[in-house]
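Student: One structure, pasted below without further comment.
The values are calculated or read from the model by the stated rules, or taken from the named source; none is laboratory data. Just so we're clear, the structure is a prediction, and the values are computed from it rather than from any experiment. Glycine also receives a Cβ, built like all others from the backbone with ideal geometry; neighbour counts cover every protein chain displayed.
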């Protein structure tokens, strides 16, 4: 008998990419915000843990693997405004592991990056 299995990481998830990049000041105001995670995420927990300041109305969506979160604002990002995006420590992987946002191996560290237009 042949069994095809997919291995899932049970380690602490980390943020492996974000767009725009941290401290980017030349952001296209029509581009969405994307956060990539190292493993499949509990989408409800990450949605609850996500924030953008100053607050913007928009929608959150996921790629088919639940590893890339996209925030699409309903309107263009305003110029001359810096934004802070956070995914707090309530974010969890599908395996139930808490976010290790900075990647040093310590659980429960939030992920944060700042961007804007100059």
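Student: From (1) modelled with pLDDT of 95 or more; (2) in a loop (DSSP other than H, G, I, E, B), pick out the condition that doesn't hold for residue 103.
Tutor: With respect to (1) modelled with pLDDT of 95 or more; (2) in a loop (DSSP other than H, G, I, E, B), residue 103 is out only on (1).
Student: Next question, about the same structure. Every residue in the stretch 14-38 that is within 30 Å of residue 95 (Cβ to Cβ) and not in a strand (DSSP E or B), please.
Tutor: Of the stretch 14-38, the ones within 30 Å of residue 95 (Cβ to Cβ) are 14-22, 32-38.
Matches in the stretch 14-38: 14, 20, 21, 22, 32, 38.
Student: Residue check: is residue 67 at negative phi and at pLDDT 95 or above? So that I can check it myself, show each step before the final result.
Tutor: Values: at negative phi: yes; at pLDDT 95 or above: yes.
It is true that residue 67 is at negative phi and at pLDDT 95 or above.
Student: Got a sec? Which of 2, 12 is loosely packed, with under 13 Cβ neighbours inside 10 Å and at pLDDT below 90? Break it down stepwise before answering.
Tutor: Working: 12 fails: loosely packed, with under 13 Cβ neighbours inside 10 Å.
That would be 2, the only listed residue that is loosely packed, with under 13 Cβ neighbours inside 10 Å and at pLDDT below 90.
Student: Kindly provide the set of residues from the stretch 57-84 that are crowded, with 18+ Cβ neighbours inside 10 Å and either out of contact with any strand residue (DSSP E or B) (no Cβ under 9 Å at 6 or more places or on another chain) or not in a strand (DSSP E or B) (or both), ordered by number.
Tutor: Result: 67, 77.
Student: Being surrounded by fewer than 16 Cβ atoms within 10 Å (Cβ to Cβ) and touching a residue at least 24 places away in the same chain (Cβ under 8 Å) narrows it down to one of 26, 38, so name that one. Talk me through it step by step, then tell me what you get.
Tutor: Values: 38 fails: surrounded by fewer than 16 Cβ atoms within 10 Å (Cβ to Cβ).
The conditions single out 26.
Student: Would you call residue 87 modelled with pLDDT under 95, surrounded by 17 or more Cβ atoms within 10 Å (Cβ to Cβ) and within 10 Å of the chain's Cα centre (by Cα)? Quick ask: steps written out before the conclusion?
Tutor: Numbers: modelled with pLDDT under 95: yes; surrounded by 17 or more Cβ atoms within 10 Å (Cβ to Cβ): yes; within 10 Å of the chain's Cα centre (by Cα): yes.
Criteria met by residue 87.
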